[in-house]
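Here the structure comes first, spelled out in structure tokens, and everything after it is commentary.
The values are calculated or read from the model by the stated rules, or taken from the named source; none is laboratory data. Owing to the predicted nature of the structure, the values given are computational and were not obtained by experimental measurement. Backbone-built Cβ (ideal geometry, glycine too); neighbour counts: all protein chains shown.
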Amino acid sequence: MNQYAIPIYKDFFKEEQILSVVQELSAWDESILKSHNDSNHLIHKLTFLADVGVKADQPYMQSSIEMITNHISSEGLFQIQANISPSYGGTGQNQWTWMLCDAPLILYSLTKMGLQDSRIKTAVNFLVDLNSEVGWKCVVSPDLGKFHGPGRKSDPCPYATLLMLKLLALFPEWNESDICKVGAEALLSLWEQRKERRPYMFAMGSTFVKLKAPLIWYDILHVVHVLTQFEWLKKDNRLKEMVELIKSKADKQGNYTAESVYKAWSAWEFGQKKVPSRWITVLVEDILS
């Protein structure tokens with residue numbers, strides 16, 4: 001299993017901060033997702049814990065892991081509770097479900113945390129089979145009815161494709177697959193054609209290139225951090241261009257400062273734009289390594 005070269009959380013954050021996020025996970029069954037870019041949603045808190053080195057076998061994680069894996073769809077995917085408005089093709093009711101813009105994140109987090117569960121492989125294989133000739137498109141559980149993201153059905157969903165690559169990079173059997181190469185090409189082509197294309201309203205403009213943490217949404221730090229997990233992309237000029245753009249943001253000491261922040265994370269050292277962030281600097285160093 002490929003693991004990001006990020007030091008454990010104790011080197012960067014106070015333990016009480018981490019435990020406060022762990023405590024939030026106890027409300028998993030009550031957490032309702034209404035927007036995938038809600039940085040305060042527990043799915044992103046779970047992913048952050050995985051990224052900073054929290055493991056599933058730590059005693060304080062066991063009850064949360066049990067709750068998260070207790071809701072599973074007929075396809076074998078771990079679910080979240082969502083509420084999609086009828087105006088967007090949903091039911092307007094809270095329901096346990098999955099979408100390709102959340103299911104990979106749960107699997108990524110559990111895998112990164114070291115959870116040994118046979119259900120994970122089944123779920124990953126199901127998601128892999130949803131690939132297309134252009135990457136991963138907008139796919140949701142059949143129980144969501146006509147819900148579909150704001151884009152053409154023939155286009156890849158940039159965010160879903162990013163999350164699938166993030167997940168598959170952890171598995172040696174998928175890391176060098178043609179499926180991942182198609183997904184990577186989809187994102188790199190969008191960078192190359194960023195002035196003309198913005199499928200599903202995911203643009204790569206001035207907001208995209210701002211450094212921001214944690215790695216939650218569709219931005220340059222998240223995209224490059226995922227793509228650099230694939231050794232075979234090292235010489236791709238489009239990826240090099242994004243890496244050089246990130247490098248140009250370093251101060252004289254080689255540190256990096258957030259250029260945009262999530263209000264929900266304002267209490268964290270990366271949640272301000274005044275002084276360099278140790279965590280963002282480590283994320284960039286991980287990219288460069």
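The table below lists the values:
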quantity	calculated
Residue satisfying all of: in segment 250-286; in a helix (DSSP H, G or I) and hydrophobic (A, V, I, L, M, F, W, C); surrounded by the fewest Cβ atoms within 10 Å (Cβ to Cβ) among these	ALA264
Tabulated pairs, segment 30-48, first over 21 Å from HIS225 (Cβ atoms), second assigned to a loop (DSSP other than H, G, I, E, B), C-beta under 6 angstrom, 6+ apart or interchain	ILE32/ASN83; ILE32/ASN94; LEU33/HIS41; LYS34/ASN83; LEU42/SER31
Set LEU227, LEU215, LEU221, LEU211: member being farther than 16 Å from LEU165 by Cα, under 17 Å from the mean Cα position of the chain (by Cα) and crowded, with 16+ Cβ neighbours inside 10 Å	LEU211
Restricting segment 124-137 to residues that are touching an Asp or Glu at 6+ places or on another chain (Cβ under 8 Å) and either at pLDDT 95 or above or outside any strand (DSSP E or B) (or both), the residue that is farthest from GLN95 (Cα to Cα)	VAL134
Looking only at segment 141-166, and only at residues there that are assigned to a loop (DSSP other than H, G, I, E, B) and in contact (Cβ under 8 Å) with a residue 60 or more places away in the chain, the one that is nearest to the chain's Cα centre (by Cα)	SER141
Residues of segment 223-249 classified as closer than 19 Å to TYR159 by Cβ and basic (Lys, Arg), total	1
Among the candidates LYS55, LYS112, LYS45, residue that is of a type in the set (Lys, Arg) and loosely packed, with under 15 Cβ neighbours inside 10 Å	LYS55
Those residues of segment 171-201 which are surrounded by 17 or more Cβ atoms within 10 Å (Cβ to Cβ) and over 22 Å from PRO150 (Cβ atoms), in sequence order	PHE171, TRP174, ASN175, ILE179, CYS180, VAL182, ALA184, GLU185, LEU188
Filter result for the condition that a residue is out of contact with any strand residue (DSSP E or B) (no Cβ under 7 Å at 6 or more places or on another chain), of a type in the set (Gly, Ala, Ser) and closer than 27 Å to ASN83 by Cβ, over GLY114, GLY135, GLY149	GLY149
Scan of segment 82-118 for residues that are touching a helix residue (DSSP H, G or I) at 6+ places or on another chain (Cβ under 9 Å), assigned to a helix (DSSP H, G or I) and not aromatic (Phe, Trp, Tyr), ordered by number	ALA103, PRO104, LEU105, ILE106, LEU107, SER109, LEU110, THR111, LYS112
Conditions (1) surrounded by 20 or more Cβ atoms within 10 Å (Cβ to Cβ); (2) in contact (Cβ under 8 Å) with a residue 24 or more places away in the chain: number failed by MET204	(2)
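For (1) under 20 Å from the mean Cα position of the chain (by Cα); (2) surrounded by fewer than 16 Cβ atoms within 10 Å (Cβ to Cβ); (3) modelled with pLDDT under 95; (4) more than 16 Å from SER31 (Cα to Cα), each residue gets a yes or a no:
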{"residue": "THR69", "(1), (2), (3), (4)": "yes, no, no, no"}
{"residue": "ALA82", "(1), (2), (3), (4)": "yes, no, yes, no"}
{"residue": "TYR88", "(1), (2), (3), (4)": "no, yes, yes, yes"}
{"residue": "THR91", "(1), (2), (3), (4)": "no, no, yes, yes"}
